[in-house]
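The values are calculated or read from the model by the stated rules, or taken from the named source; none is laboratory data. In this text the structure is predicted, and so the values were computed from the model without any measurement. Cβ atoms come from the backbone with ideal geometry, glycine included; neighbour counts cover every protein chain shown.
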Amino acid sequence: MGRERGSAMIWLTLMLCFQSSFAATFMVGDASGWGFSVNNWPKGKTFKAGDVLEFTYNRANHDVAVVDKEAYESCKIPQEAPVFETGDDLIPLKKGDNYFVCGFPGHCEGGMKIAITAT
């Protein structure tokens, strides 16, 4: 039984490594980075759960909040929403809908937000 369990653990480890090797990293906004009018950036792209979004921006002027659909649509960020502020944030996608907005006043309303569905 110990040998079978060890083999199962090795198999699981290999599968996780194999699966993560297929994750893609996407630079949000491409060369322009995370900025105004990025809301159309996801169009035409295919995203999978585990893919990583890289948000690059001037941290003195922007941040990235991970929000739900309601906050995305209203541009009202809940206090408990995770907010990234490094200027170079790597955020993995979860399966289903993923929403991101800039939390600086007026930025979300100005189009600094994206919605992505990952399969």
Is it true that A49 is among the small types (G, A, S), part of a strand (DSSP E or B), at pLDDT 95 or above and under 14 Å from the mean Cα position of the chain (by Cα)? no
List the pairs whose first member sits in segment 101-119 and is part of a strand (DSSP E or B), whose second member is surrounded by 17 or more Cβ atoms within 10 Å (Cβ to Cβ) and of a type in the set (D, E, K, R), and whose Cβ atoms are under 6 Å apart, counting only residues at least 6 apart or on separate chains? V101/K113
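Among the residues in segment 64-72, are any in a strand (DSSP E or B), hydroxyl-bearing (S, T, Y) and surrounded by 15 or more Cβ atoms within 10 Å (Cβ to Cβ)? Before you say what the answer is, go through the steps one by one.
Going through segment 64-72, the residues in a strand (DSSP E or B) turn out to be 64-67.
Filter once more, so that each one left must be hydroxyl-bearing (S, T, Y): none.
Checked segment 64-72: no residue is in a strand (DSSP E or B), hydroxyl-bearing (S, T, Y) and surrounded by 15 or more Cβ atoms within 10 Å (Cβ to Cβ).
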Taking T86 and the conditions (1) more than 22 Å from A31 (Cα to Cα); (2) loosely packed, with under 13 Cβ neighbours inside 10 Å; (3) not aliphatic (A, V, I, L, M), which numbered condition does it fall short on, given that it satisfies the others? (1)
Looking at K76, is it loosely packed, with under 14 Cβ neighbours inside 10 Å, within 14 Å of N98 (Cα to Cα), modelled with pLDDT of 95 or more and not polar (S, T, N, Q)? no
Quick check on segment 42-53. Is at least one of its residues surrounded by 14 or more Cβ atoms within 10 Å (Cβ to Cβ) and touching a helix residue (DSSP H, G or I) at 6+ places or on another chain (Cβ under 7 Å)? yes
Flagged in segment 19-35 as part of a loop (DSSP other than H, G, I, E, B) and surrounded by fewer than 14 Cβ atoms within 10 Å (Cβ to Cβ), in numbering order, are S21, F22, A23, A24
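Is it the case that segment 87-98 has a residue that's modelled with pLDDT of 95 or more and touching a Lys or Arg at 6+ places or on another chain (Cβ under 7 Å)? Show your work before the answer.
So the first thing to find is which residues in segment 87-98 are modelled with pLDDT of 95 or more, and the list is 87-98.
Narrowing the set further to residues that are touching a Lys or Arg at 6+ places or on another chain (Cβ under 7 Å) leaves 87, 97.
Yes.
Pick from segment 73-100 the residues that are among the acidic types (D, E) and in a strand (DSSP E or B): which of them is farthest from S32 (Cα to Cα)? Even if it seems obvious, please write down each step before you answer.
Residues of segment 73-100 among the acidic types (D, E): 73, 80, 85, 88-89, 97.
Now restrict to residues that are in a strand (DSSP E or B): 88-89, 97.
Values: D88: 13, D89: 15, D97: 24 Å.
Among them, the one singled out is D97.
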